[in-house]
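Each reported figure results from applying straightforward, stated rules to the coordinates on display, with no laboratory input. These numbers come from a predicted model, not from an experiment. Cβ: placed from backbone, ideal geometry, glycine included. Neighbour counts: every protein chain shown.
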Amino acid sequence: MKKFISLLLVVLLVASLLGGCKQETKSQNVRLVEVTHSVFYSPMYVAIEKGFFEKNGVTVELTNGGGADKTMAALVSGEADVAFCGPEASVYVYNQGREDYAINFAQLTQRDGSFIVGRVDDDNFSVDKIKGKTILGGRKGGVPLMTLEYVLKQNGLTPGVDVNVRTDIQFDMMAGAFASGEADYTTLFEPLASTFELQGKGYVVGSVGELAGYIPYTCFSTLKSNIEKKPEMIQGFTNALYEGMVWVQDHTSKEVAEAIAPQFPDSQVDFLASVVQRYKDLNTWNPDLVLGEDGYNRLIDIMKTAGELEEGAPYDKIQTPDFALKAKDNYKK
């Protein structure tokens with residue numbers, strides 16, 4: 001009996017020690033601010049809903065920044081650990097001369113995710129039809145506006161001359177403004193664009209992403225100091241993203257819709273599936289999370305063409321491929 005009690009005490013002691021070890025390696029909290037809430041970011045939501053972040057030692061606290069400027073401001077001010085928005089925001093921060101600047105460590109989308117929405121259904125839409133019209137373009141200096149203007153120019157239309165591109169309405173207020181009767185066209189992300197169609201408030205007539213081609217549209221960035229001091233947190237976060245990207249690639253639009261449904265409680269699964277398929281058809285997502293140099297240089301050219309930038313930030317300063325490459329290797333193991 002004494003031997004049994006002694007053995008039991010040893011077992012309890014070992015269990016206690018193991019429990020203490022688990023507490024030491026508990027999940028790290030990451031305050032993530034996203035530029036907007038959209039089906040466009042499905043792989044991230046899949047990683048959240050499927051528990052990939054927890055699996056990799058990270059707990060995500062997600063909030064909506066309502067625009068790239070506000071999202072990056074949250075990161076720089078210390079209110080966020082990771083910012084999710086267009087990489088142009090990190091370029092602006094770098095060019096301000098900050099020592100602790102923002103570095104992009106993972107790319108999620110490789111095309112513009114917005115759609116051109118008009119007041120009349122048009123199966124034969126072409127960009128030249130916007131000539132002489134007014135379109136809500138978004139915030140001045142933001143990638144959505146710059147990409148739209150790039151598309152207009154590529155089709156022989158000069159913003160401000162051939163087309164009235166309005167930049168006086170905040171990004172998260174554009175849908176409401178268009179619904180209230182302002183402008184002939186607007187650009188909207190999903191699920192808003194498709195919701196407008198269902199409600200008869202507008203019609204999707206074109207895809208900015210299809211018209212513009214490949215650009216590193218939305219990326220995850222963090223401060224240089226976080227990369228230096230919290231590399232395990234950033235790596236765990238990136239590992240989870242990669243798993244989410246692969247899962248989306250390997251599953252049907254219906255399965256993706258079912259996975260992300262909790263993120264969009266007001267939308268039916270079939271509706272979400274149609275939106276996911278729309279983005280899949282555009283080749284929006286690629287499991288390779290590295291922000292490519294060619295894509296980055298194209299983005300800089302678009303920013304320069306828009307008159308928002310004279311010099312871009314050095315590619316090797318504004319991004320790091322290390323976490324993305326390691327995430328891919330970790331997934332294979």
What is the gain in length, in nm to one decimal, between residue 26 and residue 96 on full extension, counting 0.36 nm per residue of separation less the C-alpha to C-alpha distance? 21.5 nm
Any idea what the dipole of the stretch 115-212 comes to, in debye rounded to 20, about its Cα centre with Lys/Arg Cβ at +1 and Asp/Glu Cβ at -1? 300 debye
Tell me, in nm to one decimal, what length is gained between residue 63 and residue 232 on full extension, where the rule is 0.36 nm per residue of separation less the Cα-Cα distance? 58.6 nm
May I ask you to list the lysines whose Cα is less than 16 Å away from that of residue 129, ignoring any residue fewer than eight positions away on the same chain? 153
The simple spin-label model distance between residue 133 and residue 261, using points 7 Å out along Cα→Cβ, in nm, is 3.6 nm
Positive-end residue, the chain charge dipole about Cα centroid, Cβ charges, pick of 114, 282, 268: 268
Computed over the stretch 45-135, the Cα gyration tensor eigenvalues, each multiplied by 5 and square-rooted, give semi-axes in Å (largest first) of 33, 21, 11
Length added when fully stretched, residue 301-residue 251, from 0.36 nm per residue minus Cα-Cα: 14.5 nm
Report, largest value first, the span of the C-alpha coordinates of the chain along each principal axis, in whole Å. 93, 47, 33
Compare the Cα positions of 165, 101, 155 along the charge dipole of the chain (+1 at Cβ of Lys, Arg; -1 at Cβ of Asp, Glu; about the Cα centre) and return the one farthest towards the positive end. 101
Each residue of the stretch 219-224 in order: what ³J(HN,Hα) in whole Hz does its phi give by Karplus 6.51 cos²θ - 1.76 cosθ + 1.60, θ = phi - 60°, with x for Gly and Pro? 9, 9, 10, 9, 6, 3
Calculate the dipole size of the chain relative to its Cα centre from +1 charges on Lys and Arg beta carbons and -1 charges on Asp and Glu beta carbons; express the result in debye to the nearest 20. 1100 debye
Once phi for every residue in the stretch 91-98 is put through the Karplus expression 6.51 cos²θ - 1.76 cosθ + 1.60 (θ = phi - 60°), the whole-Hz ³J(HN,Hα) values, with Gly and Pro written as x, are 5, 4, 5, 4, 5, 7, x, 5
How about residue 328: which lysines have a C-alpha closer than 19 Å to its C-alpha, ignoring those fewer than 8 places off in the same chain? 50, 55
Taking the Cα centre of the stretch 183-286 as origin, work out the dipole magnitude from +1 charges on Lys and Arg Cβ and -1 charges on Asp and Glu Cβ, in debye rounded to 20. 340 debye
Between residue 30 and residues 5 or more places away or on another chain, the pairs with built amide H atoms under 5 Å apart involve 59, 60, 61
Can you tally the net charge around residue 215? Count Lys and Arg as +1, Asp and Glu as -1, for every other residue whose Cβ sits under 9 Å from the Cβ of residue 215. +1
